[in-house]
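See below for the structure under consideration.
The values are calculated or read from the model by the stated rules, or taken from the named source; none is laboratory data. Quick caveat, the model's predicted, so the values are computed rather than measured. Note that we place each Cβ from the backbone using ideal geometry, even for glycine, and neighbour counts take in every protein chain shown. Surface accessibility is based on the protein's heavy atoms, side chains included, excluding ligands, DNA and RNA. Shrake-Rupley method; radii C 1.70, N 1.55, O 1.52, S 1.80 Å.
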Amino acid sequence: MIYLKSPQEIEKIRKSSRLVARALKYLKAFIREGITTEELDRLAEEYIKRHGGIPAFKGYRGYPRSLCVSVNEEVVHGIPGKRRLKEGDIVSLDLGVLMDGYYGDAAITVPVGKVSELAKKLIKVTEEALYRGIEMARPGNRLSDISHAIQTHVEKAGFSVVREFVGHGIGKQLHEEPQVPNFGPPNRGPRLEPGMVLAIEPMVNTGTWEVRILPNGWTVVTADGGLSAHFEHTVAITDNGPEILSLP
């Protein structure tokens, strides 16, 4: 069941999503060599609570932290801990907020100091792919038009799109229907309608698209040890096209 949101509900999702975006912008200023991933988690949780939100991830299906911090070959769901960032790393920050009964969700990938040309290209292409997908989130298009736009851009750059983890609907629940794959042929799936709200989130690898889950049961890594990047926005489909709700 895909729930269409009223304008009032979209405003509530915007409020949560905007706080996510502001928190990610705040965290980005702390990304430097030597900081631990658990320090970033603490900063995220304090920022969200200070601004009237509830960390959406903490306790969700048993997840132990407020922030997902995925470094280098980690794709998503990296659990913050004692790991210290070092020069040349790339780090993905994925964050969710609950406010007034509605969720917001977004992610960014940022470099730690000077990074390789491959890492720079991966970050750039992944963010571009997100916006290519968002551009297709228009009434009358089909869901897989978003997926196809993302995959096409990524593979043209020589990278691969993760298959096992996908985007999703969002609203009163953190994860709602429909699932939003980042790959597939165009013109498939449900017709997009005003009132749909989607978390669109390409996860892109330098090598194979295949992944594995670490023994902690959460952290997803590339199967070949290659780098991975992740960007996400919460997007409302309106009569006038896509509207990004997760902007600061």
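Observations on the model:
- Y26 in contact with a helix residue (DSSP H, G or I) (Cβ under 6 Å, 6 or more places away or on another chain) and open to solvent by 60 Å² or more (accessible area, probe 1.4 Å): yes
- Selection status of G53, at pLDDT 95 or above, among the small types (G, A, S) and farther than 19 Å from G104 by Cα: no
- Scanning the range 74-81 for residues that are open to solvent by 10 Å² or more (accessible area, probe 1.4 Å), among the charged types (D, E, K, R) and more than 25 Å from E45 (Cβ to Cβ) turns up nothing.
- Among residues of the range 82-102, those that are assigned to a loop (DSSP other than H, G, I, E, B) and either open to solvent by 10 Å² or more (accessible area, probe 1.4 Å) or hydrophobic (A, V, I, L, M, F, W, C) (or both), counted: 8
- Meets criteria (open to solvent by 10 Å² or more (accessible area, probe 1.4 Å), within 22 Å of V76 (Cβ to Cβ) and touching a residue at least 40 places away in the same chain (Cβ under 8 Å)) for E177: yes
- The set of residues in the range 103-126 that are part of a strand (DSSP E or B) and open to solvent by less than 20 Å² (accessible area, probe 1.4 Å) comprises G104, D105, A106, A107, T109, V110.
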